[in-house]
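Data block below; observations after.
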Amino acid sequence: MPERRTVALVTLGCARNEVDSEELAGRLAADGWDLVEDAADADVAVVNTCGFVEAAKKDSVDALLEANDLKTASSEGRGGRTQAVVAVGCMAERYGKELAEALPEADGVLGFDDYADISDRLQTILSGGVHASHTPRDRRKLLPISPAERQTAAVALPGHAQTGTGQEPAQEPPADLPEGVAPASGPRAPLRRRLGTSPVASVKLASGCDRRCSFCAIPSFRGSFISRRPSDVLSETRWLAEQGVKEVMLVSENNTSYGKDLGDIRLLETLLPELAAVDGLERIRVSYLQPAEMRPGLIDVLTSTDKIAPYFDLSFQHSAPGVLRAMRRFGDTDRFLELLDQIRSKAPQAGARSNFIVGFPGETEEDVAELERFLTGARLDAIGVFGYSDEDGTEAATYEDKLDPEVVAERLERISRLAEELTAQRAEERLGETIEVLVDRIDEEDGVLGRAAHQAPETDGQVRLATDREFAPGRMVVAKVVATEGVDLVAEPLGDDGCTEEAAR
């Protein structure tokens, strides 16, 4: 019997990329590949790259070079078995041939159109063949302009199984799937295999974006907005719960647009209670919300539905009206503060986070002061701050009134320092609160670590449980906040076993 092929998936970037990697893992496992964690133990190392900003691109290139070092060590008999390194993901899609030429260490650069045939592509490369890297194209032009016409388009979309006619899968999945692979439950439901054991998993609501922010290149390589069908989202969520997942985070480039191409812009408001009713789940979290598209009905559902985290990941980006208009965005300080007040009037403990860009072309000192006014009044739990830099193919890259890099760096440091102070203050406001902590992991030094409803994975801080009791990952623990460590909280479990009857469902 021939030795089975092995593959390792190395994922960089956001939660959407993590879902894409698990989709690729599902396809590969269904086609007979063995998935391993360590790239040194794999015949093929597949690096799922990020192409968002320069720092992320550098991390992606570094990961590819590190995998190539493993391949070199294997070829020289110094250990390991890596024979090929393949780039996939946003950076591979965005640059295609250009990346392949600049990085000959990669044996293949595969775009989204290759995902449906990922097994064949990897086998060709592993056998010494060459698969031509694609020429990048604006993926917004692949789907109809009218959102209502996109559901039947035969286009490769990560998170959606590729279709031939829009009605039937282009390739039927195997009748007998390996254990741990989610079956494709509908025409656009992909296979999926988990790549870890975390009690938290992301589920894609949609892919692409119809917004035209002047600083953002994502729509050009992720394409226009297209929703996944509610039945597919529900089926995948049920499968994850069966795999032991306790918290599901809904991700896309813009969750507030969910359903617009399905004829119901309020579809998320009806889907969320259905997801919350899935047996085994403790928490549903919604990320990536656009302030300009927030609706009173959506706020009501997010703040009043059992198991739905009152969590608002709002993409403000700035608050000075002039800068926002140059960004092709909407709003201002007072409207944003009013939105946050509306949320907290319904759920005082609601979590709110956002990212901001400083040093945007044309930004004045008055604009920075306006941003400081907003941040001071917003009481955000987590704040990400980025200095502006040109992105290939964006409108902002053509703007003439660019700021000196030294000015951008100074403003980045200034606003970052303010953000650190304000988020620490916001954490202190939570002293005495009773929170529900989902245990993520047990650390040898710090003990039991988890997250409250206002804390998303990786981005928003964590809770350390001050206890000698043992709580396994996935356990929901009711606790009282007794101290803070920057944005992180320290909490003491309540009750004999740290959970109420309701939290122990």
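Of note:
- Residue match in the range 15-34 (condition: free of Cβ contacts under 8 Å to residues at least 12 places away in the same chain and in a helix (DSSP H, G or I)): no
- Scanning the range 8-46 for residues that are within 19 Å of LEU191 (Cβ to Cβ), within 22 Å of the chain's Cα centre (by Cα) and of a type in the set (D, E, K, R) gives ARG16, GLU18, ASP20, GLU22, GLU23, ARG27.
- Among the candidates ALA45, ALA40, the residue that is surrounded by 23 or more Cβ atoms within 10 Å (Cβ to Cβ), modelled with pLDDT of 90 or more and outside any loop (DSSP other than H, G, I, E, B) is uniquely ALA45.
- Filtered residues of the range 229-286 (kept if hydroxyl-bearing (Ser, Thr, Tyr) and touching a strand residue (DSSP E or B) at 6+ places or on another chain (Cβ under 6 Å)): THR237, SER252, THR256, TYR258
- Exactly one residue out of LEU177, LEU191, LEU143 is more than 24 Å from GLU269 (Cα to Cα), surrounded by 21 or more Cβ atoms within 10 Å (Cβ to Cβ), modelled with pLDDT of 70 or more and in contact with a Pro (Cβ under 7 Å, 6 or more places away or on another chain), and it is LEU191.
- Answer residue from the range 348-372, given it is part of a loop (DSSP other than H, G, I, E, B) and not aromatic (Phe, Trp, Tyr) and is surrounded by the most Cβ atoms within 10 Å (Cβ to Cβ) among those: GLU363
- Residue identified as small (Gly, Ala, Ser) and within 19 Å of GLU93 (Cα to Cα) among GLY208, GLY244: GLY208
- Summed over the range 275-312, the residues that are part of a loop (DSSP other than H, G, I, E, B) and either over 22 Å from the mean Cα position of the chain (by Cα) or not small (Gly, Ala, Ser) (or both) give a count of 14.
- Test result for LEU465, touching a strand residue (DSSP E or B) at 6+ places or on another chain (Cβ under 8 Å) and open to solvent by 30 Å² or more (accessible area, probe 1.4 Å): no
- Only a single item in (1) closer than 20 Å to GLU391 by Cβ; (2) surrounded by fewer than 20 Cβ atoms within 10 Å (Cβ to Cβ); (3) in contact with a strand residue (DSSP E or B) (Cβ under 8 Å, 6 or more places away or on another chain) is not met by ASN17, and it is number (2).
- In the range 48-73, residue most open to solvent (accessible area, probe 1.4 Å) [restricted to those that are more than 22 Å from LEU205 (Cβ to Cβ) and not in a helix (DSSP H, G or I)]: VAL53
- Any hit, the range 394-401, residues being polar (S, T, N, Q), surrounded by fewer than 16 Cβ atoms within 10 Å (Cβ to Cβ) and part of a loop (DSSP other than H, G, I, E, B): no
- Flag for ARG344 being at positive phi and surrounded by fewer than 20 Cβ atoms within 10 Å (Cβ to Cβ): no
- Index of the failed condition, GLY166 passing every other in (1) on the phi > 0 side of the Ramachandran plot; (2) at pLDDT 80 or above; (3) of a type in the set (Gly, Ala, Ser): (2)
- Within the set LEU380, LEU324, LEU314, LEU375, the sole residue that is open to solvent by less than 10 Å² (accessible area, probe 1.4 Å) and without any contact (Cβ under 8 Å) to a residue 24 or more places away in the chain turns out to be LEU324.
- Scanning the range 402-457 for residues that are of a type in the set (S, T, N, Q) and more than 19 Å from GLN349 (Cβ to Cβ) returns a single hit, SER416.
- In the range 277-294, the residues that are more than 17 Å from CYS209 (Cα to Cα) and in contact with an Asp or Glu (Cβ under 8 Å, 6 or more places away or on another chain): GLY280, LEU281, GLU282, ARG283, ILE284, ARG285
- Once the range 48-93 is narrowed to residues that are basic (Lys, Arg) and under 23 Å from LEU28 (Cβ atoms), the residue that is modelled with the lowest pLDDT is LYS71.
- Residue ID - surrounded by the fewest Cβ atoms within 10 Å (Cβ to Cβ), chosen from residues in the range 99-115 that are farther than 18 Å from GLY129 by Cβ and either touching a residue at least 12 places away in the same chain (Cβ under 8 Å) or touching a Ser or Thr at 6+ places or on another chain (Cβ under 8 Å) (or both): LEU103
- Some residue of the range 258-276 being closer than 16 Å to ARG211 by Cβ and open to solvent by 20 Å² or more (accessible area, probe 1.4 Å): yes
- Checked against the criteria, ALA87 counts as among the small types (Gly, Ala, Ser), assigned to a strand (DSSP E or B) and closer than 16 Å to LEU126 by Cα.
The values are calculated or read from the model by the stated rules, or taken from the named source; none is laboratory data. No experiment lies behind these values; they were computed from the predicted model shown. Reconstructed Cβ throughout: ideal geometry from the backbone, glycine too, with neighbour counts over all protein chains shown. Accessible surface is based on the protein model in full, side chains and every heavy atom, while ligands, DNA and RNA are left aside. Shrake-Rupley method; radii C 1.70, N 1.55, O 1.52, S 1.80 Å.
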